[in-house]
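These notes are about the structure you will find just below.
Derivation of every value follows stated rules applied to the coordinates shown; laboratory data play no part. Treat the numbers as computed from the prediction; the structure is a model and nothing was measured. FYI the Cβ positions are ideal-geometry reconstructions off the backbone, even for glycines, and counts take in every protein chain you see.
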Amino acid sequence: MSTDTEDRKAQLKKLNARATQAKMDLHDLSEELPQNWESILAVAQRCHDAHAELMQARQEQAAAGG
């Protein structure tokens, strides 16, 4: 297996972990509402950004034939 493929898989794993953590942070925040309501937009933006980055990486991997 090439180093490039291994690097892509490692990057996807890292991005997936980040997106999963962001999802859990958003979930936890929703369960605590109305406490910390001021952070809704920031937490949601981080979750959106993490998932967008993950989806982009998955598309790039698919396009590369991985």
Mind ranking 49-58, 5-14 by how tightly packed they are, going by the mean number of other C-beta atoms within 10 angstrom, highest first? 49-58, 5-14
Descending semi-axes in whole angstrom, ellipsoid equivalent of segment 17-63, from the Cα gyration tensor: 26, 9, 5
Which ³J(HN,Hα) values, rounded to whole Hz and listed in residue order, are derived for segment 37-44 from phi using the Karplus coefficients 6.51, -1.76 and 1.60 in 6.51 cos²θ - 1.76 cosθ + 1.60 with θ = phi - 60°, glycine and proline given as x? 4, 5, 8, 3, 5, 5, 5, 5
